[in-house]
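The values are calculated or read from the model by the stated rules, or taken from the named source; none is laboratory data. Because the structure is a prediction, the values reported are computed rather than measured. Cβ placement follows ideal geometry from the backbone for every residue including glycine, while neighbour counts extend to all protein chains displayed. Ligands, DNA and RNA are stripped out before the accessible areas are found, and what is left, the full protein with its side chains, is counted by its heavy atoms. Shrake-Rupley method; radii C 1.70, N 1.55, O 1.52, S 1.80 Å.
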Amino acid sequence: MRFRGWIPLVLLAVLILAVGAYTAVRQDAFLTEYNLNNLLLATMPLALVAIGQTNALLVGGFDISVAALVTMCVVTASFTLKPDETTFALFLGSLAILGVGLATGIFNATLIRVLRLPSIIATLGTFSILQGAALLLRDHPEGPINSDVIDALNTSIGFMPVAFIGVIVLVVLADLWLYRSRTGMAVRAVGLDETSARRLGMSTGRIVFLAFVVCSVMASIAGFYESAEVQIGSPTIGAYALTSIAAAVLGGASLAGGRGSFVGALLAALFLTEIGNVLPLFSQPTEYAAMTIGVLILLALVLYQLPELIARWRSGRQTVGRLQAREGEAPAA
């Protein structure tokens, strides 16, 4: 990863530490084991969805359906992960939730690669289907989630959830794969220029297909942690469509494709969740969090594109300078 790729990671790490330090000095409750554990557990759903969304962005697409997919998985969990179920029944129920994610990913990928629909249109349609299905199954929050499953998902060592440690390992390995392997290079090449990648013999169709399948499967895994958080089959939660894109972009992903970082997506998810965690401690409206996300996206797009903007400005100045020099030489000739 070049120096430019490190900018989002360093910036996000500094912001996380700065906000944490500022809050810790003024609010004793912030550094308690209970609050830190809640912060990291609350980060899990967004982090997992953002990691999946990064896959879609890498190949130049979007997946709007992840929001409704998380909701659908929570509703499904209220049917398949009921209290007093046997261990084997819970295992089958977990597979059913993953199956929802896998089926959704294959459906989206088919619309995008086989029917050649734009990803934002295809996944928007899937979003509506899943949202309607979730409301059809549960028109209001009901159906408790198995407490043993919740305890397993929330297992922690001190304030650190075991699952969060697993996600850290996952994103580090994923970034190494993305920037240190031939297949990772192929994924980035497809996002940068699919036509050129195809001419070089890369399986562009398969890469895009798998990217959207992985995106949906990650969203279904996020559904487990969203279920553990709400603990009931609610059809009105899981608004991760825009926030997952925001986290991926803040983490260094390009909206044009070909660039991104899974570590960056995790850091951005942690930072956005931290904002939501900190505001109530200062008795501030949570609406400020949404406003902050919007401002940060705009700032990130400008900051991350700054080297290109400077290069274009310099190139433009040089072109103008050459034209002026030629105009000045013309009369002398």
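Compared with the dominant principal axis of the Cα atoms in the chain, helix 33-58 is inclined by about 50°. Comparing 168, 195, 184 along the charge dipole axis of the range 158-200, the residue lying farthest to the positive side is 195, per the Cβ-charge model.
Mean residue ellipticity, 222 nm, helices only, the chain: the sum of -39500 (n - 2.57) across DSSP H runs of n ≥ 4, divided by residue count and rounded to 500, is -26000 deg cm²/dmol. For the chain, a Gaussian network of Cα nodes joined below 10 Å ranks 285, 141, 45 by mean-square fluctuation, and the top entry is 285. The residues neighbouring residue 197, those whose beta-carbon lies less than 12 Å from its own, together hold a net charge of +2 under the Lys/Arg +1, Asp/Glu -1 convention. In this simple spin-label model, placing a label point 7 Å from the Cα along the Cα-to-Cβ direction at both residue 193 and residue 168 gives a separation of 4.0 nm.
In plain terms, the chain from residue 17 to residue 232 could stretch by 74.1 nm, reckoned as 0.36 nm per residue minus the Cα-Cα distance. If each Cα of the range 213-277 is one equal point scatterer, what is log10 of I(q)/I(0) from the Debye formula at q = 0.21, 0.23, 0.25 Å⁻¹? Log10 I(q)/I(0), no solvent term: -0.98, -1.12, -1.22. If the chain linking residue 206 and residue 91 were pulled fully straight, counting 0.36 nm for each residue of separation and taking away their Cα-Cα distance, it would gain 38.4 nm. Length available on full extension from residue 128 to residue 313: 0.36 nm per residue minus the Cα-Cα distance, which gives 62.3 nm. The packing ranking, built from the mean of other Cβ atoms within 10 Å per residue, places the peptides 72-83, 56-67, 189-200 in the order 56-67, 72-83, 189-200, highest first.
In the chain the Cα-Cα distances spread across 10 Å bins starting at 0 as 6, 24, 31, 23, 10, 4, 2, 1, 0, 0 percent of all pairs.
Applying 1/(1 + (r/R0)^6) with r as the Cβ-Cβ distance of residue 176 and residue 298 and R0 = 35 angstrom yields a FRET efficiency of 0.70. Principal-axis analysis of the Cα atoms of the chain puts helix 162-180 at an angle of about 30° to the longest axis.
Surface listing: 138, 26 arranged by accessible area from highest to lowest gives 26, 138, probe 1.4 Å. Return one number: the angle in degrees, 0 to 90 and rounded to the nearest 10, between the long axis of the Cα atoms of helix 204-230 and the longest principal axis of the Cα atoms of the chain. It works out to around 40 degrees. Taken along the Cα-to-beta-carbon direction at a fixed 7 Å, the label points for residue 34 and residue 116 span 5.9 nm. Taken as Cα centroids, the range 106-126 and the range 65-93 sit 25 Å apart, rounded to the nearest whole angstrom. Calculation over all alpha carbon pairs of the range 94-170 in 5 angstrom steps from 0 returns a P(r) of 3, 12, 13, 16, 16, 15, 15, 9, 3, 0 percent.
Among residues other than residue 320 with Cβ under 12 Å from its Cβ, the summed charge is +3 (Lys and Arg +1, Asp and Glu -1).
For the range 177-319, the Kirkwood hydrodynamic radius comes to 17.8 Å, computed from all pairs of different C-alpha atoms.
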